[in-house]
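Novice: Have a look at the structure that comes next, please.
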Amino acid sequence: MTTDTFEPTIIGFTCNWCSYRAADLAGTARLKYPPNIRLIRLMCSGRLDPTFVFKALSSGADGVMITGCHPGECHYLEQNYKALRRFHLIRRTLKGFGVEPERVKLVWASAAEGAKFASETASFIEEIRSLGPLNWGKSGGGRPTTEDGDSPSSVLRPQSETEEVPA
Amino acid sequence: MTKHNGSKPEVQERIGVYVCHCGTNIAGTVDVAQVAQWAASRLKERGVVIARDYKFMCSSLGQELIEKDIKEQKLTRVVVAACSPHLHERTFRTACARAGLNPFLCEMVSIREQVSWVHTNKEAATIKAQAAVSGGVERVIHHEPLEPMTVPINPATLVVGGGIAGIQAALEIADAGYHVYMVEREPSIGGHMAQFDKTFPTLDCAACILTPKMVDVGGHPNVTLLTWSEVEKVEGYVGSFNVTIRNKARHVKTDLCTGCGICQEKCPKKVVDEVYEAGLGYRKAIYTPFPQAVPKFPVMDVDNCIYFEKGTCKACEKFCPTNAIDFTQQDEVINIEVGNIILATGYDIFDARRVSHYGYGRLANVFTSLEMERLTNAAGPTNGQIVLRDGKTTPKAVGIIHCVGSRDRNFNNHCSVICCMQSLKFAHMVHERTGAIVYNFYIDMRTPFKDYDEFYQRVLEEGTLFVRGKVAEVTDAARLPGEEGKLIVQVEDTLAGKQRRIPVDMVILSVGLEPRKDSSETAKLFGISCSANGWFIEKHPKLDPVATMTEGIYIAGCAQGPKDIPASVSQGAAAAARVLGKIQQKEMALEPIRASVIEEKCSGCRICNDLCPFNAISFHEDTMVSEVNAALCQGCGTCVAACPAGAIYGTGFNNEQVLAQIEGLLLLNIGEEAVPA
């Protein structure tokens, strides 16, 4: 990696029944996508506490991908609709914080859609790459100092002023 | 790096990290030794006391390695970085339990399906694997010992679908001495197999081998047969499902009916039989689909019955010797309790009208393979005579087109498995019964199973002509002499390398198998998943092809994917074996992933109450707190995320675990800490 390329880090939340298995299927089928995403398995997208998203963004992630079963196909009947509601809530809240709401994406992927999971992940990584680093909670591009609290200005700083991730 | 800089409380746990090579599956892309070394040094302050890499962690030697460390190093937590937890979580949990560690203190992180198999850059993949291990370590610190919940297994089983797969499953279980409820949508069991004449490759008659099994099901003391019935609702979980079944009104009292068939004889209304006779023959408005139907009781087709239409007739009632006709009968809704469910709901055939250039439905002498089954069947509408649509002319030349609706990106990508052999069977029968010239138009010939290729050789020797190429069109527009009054098959013969126009009298379209049109609704009803095209998804495509991701629900036959009769029978028996294993255990352990309310924190706002689709949360008016019923809770965690007071605890996926995992995963960023060469 060179210093002048920004490699985003993305946290992906998957549900145990559909999207985690889609991710598994992408692997079984040896599909390729960039290594910038790290996945967390929840039992259901309905388990996604908005706090998880804010925690991820404030701990160094540049984007968060929320994934779950397609509407109407939830293993728990309808809980992915609750994830959908929270997704909109999270985006609104981020906007209020001055963070681009596009940093959070919602993807429905069934257990059969390994290819969709791979392509959506790849395109989201590129979307975040073009948005640039978030640096939420970082002062001057340094490491997160959550104890000191987040400075809103660091969040609002335009991309051009942002220092690149050190090598 | 200042993240774990002492601001966190010191970790008391002793954690072992185990990184699997999986041969070269992981080690080919991830520097596994580096991951283990990194974990041992970098995560030492996080409680990692030992980190090892091993060729195959899931092997008995790999498991022994972990067990030995748990005992000797006094490990209190274990992280295994290997394949998907869906594959081996149980393996490693069991290994921990053998060494005396609570199995839920073991966490698996996937570095194969989600790292080595999807990435190519070794450096980046290694960093991602390290991040995954770090996430697992942080998470496992917050794990707690759990005891699985045990639930009793009701020994009764529900089999949905009375085709050959369902019949086999039902008989295996019933013969073992346990009760089976079989639900079938049609008036009789038998499924598609009951429509067939001969079965490949042995050419034994389908009815001869199927009907004895049907009779066995119908008369078995351990089988409750519910035909003309459909499942409406499924509640509960493995061990104790509560199933609601609608038994549609037959308008025949089954306790009085003797199945004599006089009602069918006397009924004046003829109806085209679209189901059993594939539209080629007729039935009456009161009917059994075929003479060997099980059960023998007819059903009344109220949409076509003259009495229901005009209020007069009642010929059946007049002639019935046992007064079994009941025009006022209503649907009956039945509730049953079962421990396991086998879905064998079968397939639909591809609608040949969709390939308009093959002319089905427009050109009279284009037949589907299912119609051909009825034409060749001695009990069919022509008594087994292979004749054109006019009912009398014997064809002199017949073209059989393979892969209609299969292996075609316009319709279905899948191979329907049975069509090649079915087409060869028709080729043989047409040849044998009519002496006609037979052309088989195929893309690839697929005859993989026992005695199948031998059958192909036999048909080749009989003189059937094979043309390799996808048929472009079937038309009746004659252009050349000798084509008048014929169907012309326009095809590129890819072996001869030229276009051919082959005039024939009859065209048979070997139509593919498709998932049932309502398969996604069925999947939803039973809480399992369907693939994008509609086949039920098995738990593992190779190692667990009969179970589903939902405990207690098994699948068999073509509902899982296209297959022939031997494979359907095998899968039906396999599903039965799985169910019998469960019944024998008498009770089973469930994952203790459940929500529970911390009463002191609950404000009684009742937000959670309406979120639960399983009605597991109730509100106590006296104490003003909500409570989760652990038996009903399925563990999705939606209420945990929704509680504004944080008063609901999600065992197995609690906030501390997930938040710690997020932090752990973000310990390393790409390019931040280059892997030392």
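The values are calculated or read from the model by the stated rules, or taken from the named source; none is laboratory data. Predicted model, so just to flag it, every value in this text is computed and none were measured. Positions of Cβ are generated from backbone atoms using ideal geometry, with glycine treated the same way; all protein chains shown enter the neighbour counts. All accessible areas refer to the heavy atoms of the entire protein, side chains included, with ligands and DNA or RNA removed. Shrake-Rupley method; radii C 1.70, N 1.55, O 1.52, S 1.80 Å.
Novice: At a 1.4 Å probe radius, which order do B:His414, B:His119 fall into by accessible area, largest first?
Specialist: B:His414, B:His119
Novice: Relative contact order, percent, of the range A:14-134 when contacts are C-alpha pairs under 8 Å separated by at least 6 residues?
Specialist: Computed over the range A:14-134, the figure is 40 percent.
Novice: Diagonalise the Cα gyration tensor of chain B and give the resulting equivalent ellipsoid semi-axes, square root of 5 times each eigenvalue, largest first, whole Å.
Specialist: Listed largest to smallest, the semi-axes of chain B are 57, 35, 21 Å.
Novice: Right, here's the next one. HN-Hα J couplings of the range A:34-51 from phi, Karplus 6.51/-1.76/1.60, θ = phi - 60°, integer Hz, Gly and Pro as x?
Specialist: So the J values, rounded to whole Hz, are x, x, 7, 10, 10, 9, 10, 9, 10, 5, 8, 4, x, 6, 5, 7, x, 4.
Novice: Which entries of B:Lys213/B:Lys284; B:Lys542/B:Lys582; B:Lys284/B:Lys314; B:Lys248/B:Lys582; A:Lys55/B:Lys128; B:Lys266/B:Lys310 show an alpha-carbon separation above 23 angstrom in the structure shown?
Specialist: Result: B:Lys213/B:Lys284; B:Lys248/B:Lys582 exceed 23 Å.
Novice: Please give, to one decimal in nm, the separation of the simple spin-label points placed at B:Arg500 and A:Thr5, each 7 Å out from Cα toward the Cβ.
Specialist: 5.5 nm
Novice: Taking the Cα centre as origin and putting +1 on Lys and Arg beta-carbons and -1 on Asp and Glu beta-carbons, what dipole magnitude results for the range A:10-133, to the nearest 20 debye?
Specialist: The calculated dipole for the range A:10-133 is roughly 220 debye.
Novice: So, one more: With each run of n ≥ 4 DSSP H residues scored as -39500 (n - 2.57), what mean residue ellipticity at 222 nm is computed for chain B after dividing by its residue count and rounding to the nearest 500 deg cm²/dmol?
Specialist: Values: 16 runs with 178 residues, N = 677.
About -8000 deg cm²/dmol.
Novice: How much of B:Thr394 can a 1.4 Å solvent probe reach, expressed as accessible area in Å² and rounded to 10?
Specialist: Ignoring ligands and nucleic acids, B:Thr394 comes out at about 70 Å².
Novice: Further, regarding this structure: At B:Gln584 and B:Glu521, where each label point lies 7 Å from the Cα along Cα→Cβ, what is the point-to-point distance in nanometres?
Specialist: Distance between label points: 3.9 nm.
Novice: Between Rg and the Kirkwood Rh of the range B:154-295, both from Cα atoms, what is the Rg to Rh ratio?
Specialist: Reported Rg/Rh, Kirkwood definition of Rh: 0.99.
Novice: So for chain B, taking the charge dipole from beta-carbon charges (+1 Lys/Arg, -1 Asp/Glu), which of B:Cys22, B:Ile341, B:Ala285 sits furthest toward the positive end?
Specialist: Toward the positive end, the furthest listed residue is B:Ala285.
Novice: List residues of the range B:188-212, by number, whose backbone nitrogen lies under 11 Å from a label position 7 Å along Cα→C-beta of B:Glu454.
Specialist: Residues passing the 11 Å test: B:201-202.
Novice: So, one more: Can you pull a Stokes-Einstein diffusion coefficient for the protein assembly as shown at 4 °C (1.567 mPa s), Rh from Kirkwood over Cα pairs, as a whole number of µm²/s?
Specialist: 43 µm²/s
Novice: Relative to the longest principal axis of the C-alpha atoms of chain B, give the angle of the C-alpha long axis of helix B:206-219, reported between 0 and 90° and rounded to the nearest 10°.
Specialist: Once rounded, the angle reads 60 degrees.
Novice: For B:Phe327, B:Phe319, B:Phe411, A:Phe52, write out the residues from largest to smallest accessible area, computed with a 1.4 angstrom probe and no ligands counted.
Specialist: B:Phe319, B:Phe411, B:Phe327, A:Phe52
Novice: Now, a different point. On the first, second and third principal axes, largest extent first, how far apart are the outermost C-alpha atoms of the range B:572-677 in Å?
Specialist: Between the extreme Cα coordinates on each principal axis of the range B:572-677 lie 59, 52, 19 Å.
Novice: Still on this structure, I have one more. At 1.4 Å probe size, put B:Trp38, A:Trp108 in order of accessible surface, largest to smallest.
Specialist: Numbers: B:Trp38 20, A:Trp108 45 Å².
Sorted by accessible area, descending: A:Trp108, B:Trp38.
Novice: Right, next: Between B:Lys392 and B:Lys470, what's the calculated FRET efficiency when r is the beta-carbon distance and R0 is 45 Å? Round to 0.05.
Specialist: 0.85
Novice: Along Cα→Cβ, 7 Å out, is where each label goes; now give me the distance between the ones at B:Glu45 and B:Asp351 in nm to one decimal.
Specialist: Distance between the two pseudo-spin positions: 6.7 nm.
Novice: In addition: Quick one: accessible surface of B:Cys420, probe radius 1.4 Å, all protein chains present, in square angstrom to the nearest 10.
Specialist: Probe radius 1.4 Å; accessible area of B:Cys420 about 10 Å².
Novice: What does DSSP give for the range A:10-133 in terms of the percent of beta bridges that are antiparallel, rounded to the nearest 5?
Specialist: Restricted to the range A:10-133, the bridges split so that about 5 percent are antiparallel.
Novice: Still on this structure, I have one more. Under the 0.36 nm per residue contour assumption, what length would be gained going from the current alpha-carbon distance of B:Val271 and B:Asn247 to full extension?
Specialist: 6.3 nm
Novice: Moving on to the next point. For B:Tyr237, what accessible area in Å² do you get when you roll a 1.4 Å probe over the heavy atoms of the protein chains, rounding to the nearest 10?
Specialist: For B:Tyr237, the solvent-accessible surface is approximately 50 Å².
Novice: May I ask you to derive the FRET efficiency for A:Ser130 and A:Leu89 from their Cβ-Cβ distance with R0 = 22 Å, giving the value to the nearest 0.05?
Specialist: Computed FRET efficiency for A:Ser130 and A:Leu89 comes out at 0.30.
Novice: Now, a different point. In whole angstrom, how far apart do the alpha carbon centroids of the range B:558-591 and the range A:60-85 sit?
Specialist: If you average the Cα positions of each part, the centres end up 31 Å apart.
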